[in-house]
1. Of the conditions (1) at pLDDT 65 or above; (2) surrounded by fewer than 16 Cβ atoms within 10 Å (Cβ to Cβ); (3) more than 18 Å from A:R27 (Cβ to Cβ), A:Y248 fails just one. Which one is it?
2. Quick one: how many residues across the stretch B:90-109 are surrounded by 12 or more Cβ atoms within 10 Å (Cβ to Cβ) and charged (D, E, K, R)?
3. Residues A:K201, A:K243, A:K239: which one is charged (D, E, K, R), more than 14 Å from every other protein chain (Cβ to nearest Cβ) and part of a loop (DSSP other than H, G, I, E, B)?
4. Any idea which of (1) at pLDDT 90 or above; (2) within 19 Å of A:V22 (Cβ to Cβ) is the one A:C209 doesn't satisfy?
5. Do we have A:I103 as out of contact with any Pro (no Cβ under 9 Å at 6 or more places or on another chain) and either exposed (fewer than 15 other Cβ atoms within 10 Å of the Cβ) or modelled with pLDDT of 90 or more (or both) here?
6. Among the residues of the stretch A:118-131 satisfying the criterion of being over 34 Å from the mean Cα position of the chain (by Cα) and within 14 Å of another protein chain (Cβ to nearest Cβ), which is surrounded by the fewest Cβ atoms within 10 Å (Cβ to Cβ)?
7. I'd like to check something: does the stretch A:93-100 contain any residue that is away from chain B (no Cβ under 14 Å), touching a helix residue (DSSP H, G or I) at 6+ places or on another chain (Cβ under 8 Å) and touching a residue at least 60 places away in the same chain (Cβ under 8 Å)?
8. Residues A:I164, A:I103, A:I135: which one is more than 30 Å from A:W212 (Cβ to Cβ), in contact (Cβ under 8 Å) with a residue 24 or more places away in the chain and aliphatic (A, V, I, L, M)?
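The values are calculated or read from the model by the stated rules, or taken from the named source; none is laboratory data. Predicted, not measured: the structure shown is a model, and the values here were computed from it. Glycine gets a Cβ as well: all are built from the backbone with ideal geometry, and neighbour counts include every protein chain shown.
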Amino acid sequence: MNLSTISLLEMSLYGGVMILGVALLRRAFARRMPKALVLGLWAVALFRLLVPLALPSPFKKHMLYFASPIEDGAVTTAAKEGETIITALTAILPYLWGAGVLIALLCHVVPYLRQRKVFSMALPFALNEEERSAINHFFKMQGIRRPVGIYMSDRITTPLTYGILRPRIILPRTQVLTAGEFHHVLAHECHHIRRFDVLRKFVVAATLCIHWFNPLVYVMARCFNRDLECLCDASVVRKLPRKERAAYAHTLLSLEEKKWGHPVLQAAFSGCSTEERIRHVMTDSRPGKAAVAVGIFAVLAMGVCFATGEPAPVYYAAKPAAIQSYQVVQQIGGYNTLSPVVSASREAVVVEGNGYTLQAIGSVMPTEALYGVTAVDFTSSSSTSTDVQVVFSDAQIYEGVAMGVAANSISFSAVVNTEEAGVQPVLLEQIEVNR
Amino acid sequence: MEIKLFDSELRVMEVLWQEGDQPAGKIAKRLKAEIGWNRNTTYTVIKKCIEKGAILRMEPGFVCRAQIAREEVQRQEANALMDKMFGGSLEQLFAAMVGDKKLSPEEIERLRRLVEDLDK
């Protein structure tokens, strides 16, 4: 089973379609689909967006192709024109994309660094020994092994968590929390820390930078953040009796404040659509079996449809074939002899496979039987991988085929090996086939 | 002169109010031990204080001197609180502060003298 690479555009397109699908499902099933499942669906979409691989699938599928089929022998100007337009476009696109990535990165990184600077100026939250150890114990019970710092700052408006290796919770000094609210906030942030949510947000942010041109990825980012918050709420509220759920909803309300800065890279308590969260908390009922079934089916279906696929054949204009043959006098083992005539045909032909393939066919036809020819070695190299085969040989002709997978150029050489003592292999021909 | 200081800046001022003039490096070391700030953070906050006019930088050696006294900041904050929460009424602020706290005879005496001074 071999994996094939797919291009960024393809990743973005399929990722976009998956995002649409997940968003629709999410809306259709709303509170009946557990948020953990929704986040699983987002994870599949993220995989498609970030991992440039496609597995071969039993179902034949058509992926995008970038040129139209060319008839055999119709090496016309039309073909050449199409080629130049395409090559011109494909030449600029990577640079455009790169520029976009840089700008997107700046837009993410600069505000983030500024925020980190402010966060670092937070002061330790006043806790006595007993409270501190109770909190540490609570975190430990939840399975968090990293040390968690609790701080307070007058520069933020909602409680938040940042940091991956050494997570820190910062509470706003300007809002005095009651004991109950304090516990709710801690429990909520605790789940963020336990799930490494800050790291997940980084991944989504990276995806945003890479796929800056795809508007659907922004939709996903927004939904993803909301779903993260709802999942933490659900985790907190799951084991609480109904009365305490109302208290938690009250906490959400009373902490509803203006969002702090850039919402993407830290996990804020009440940044995202508080109303939605309160609704989820108060009506969190048993997840519908239908919803779960549909969700699991969606994960599998998306995985099969969009993570796998064999691309359709792609055709390119073939360069005019040129046959070349020459004779060189070689000295082999002390015997002068006419070198074999080497003829090589150059063809860029596509065979079904992974995107496109260059194929070079070379044949070596000795005009005179060389003394003790043991083998003709064909070697090849291309910009990606190559596969060389000797397809035919007898004393008269040695033919080799080299294929470069997804290659832009392929070089192909034939080396004659002889048994004669002390005779070095002689390189007879080296050809380059360019797409 | 109204200087508005954030919590982080007040924390640095606290060091100067307690210890007097200090070189910045010493402040950084102390705050690292007390609240875990790294050197860059402390220096950033000190620079902010200098910009706001709360700290004077003296050479050689980047020695910091407080330009505003703790009492002055207390007064400004108390006035702000009074305006914000007590409609500018000192009496209400005072009543809230004293509330149901039991005052010792010495404290009552001192307060009485304070009020008398105000009356003059």
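1. (2)
2. 1
3. From the options A:K201, A:K243, A:K239, the qualifying one is A:K239.
4. So A:C209 meets the others, but not (2).
5. Here the answer is yes, as A:I103 does meet what is asked.
6. Kept after step one, since they are over 34 Å from the mean Cα position of the chain (by Cα), are these residues of the stretch A:118-131: A:121-131.
Subset that is within 14 Å of another protein chain (Cβ to nearest Cβ): A:121-127.
On the way: A:M121: 22, A:A122: 26, A:L123: 20, A:P124: 14, A:F125: 18, A:A126: 8, A:L127: 12.
Only one residue fits best here, namely A:A126.
7. Yes, the conditions are met somewhere in the stretch A:93-100.
8. Result of the check over A:I164, A:I103, A:I135: A:I135.
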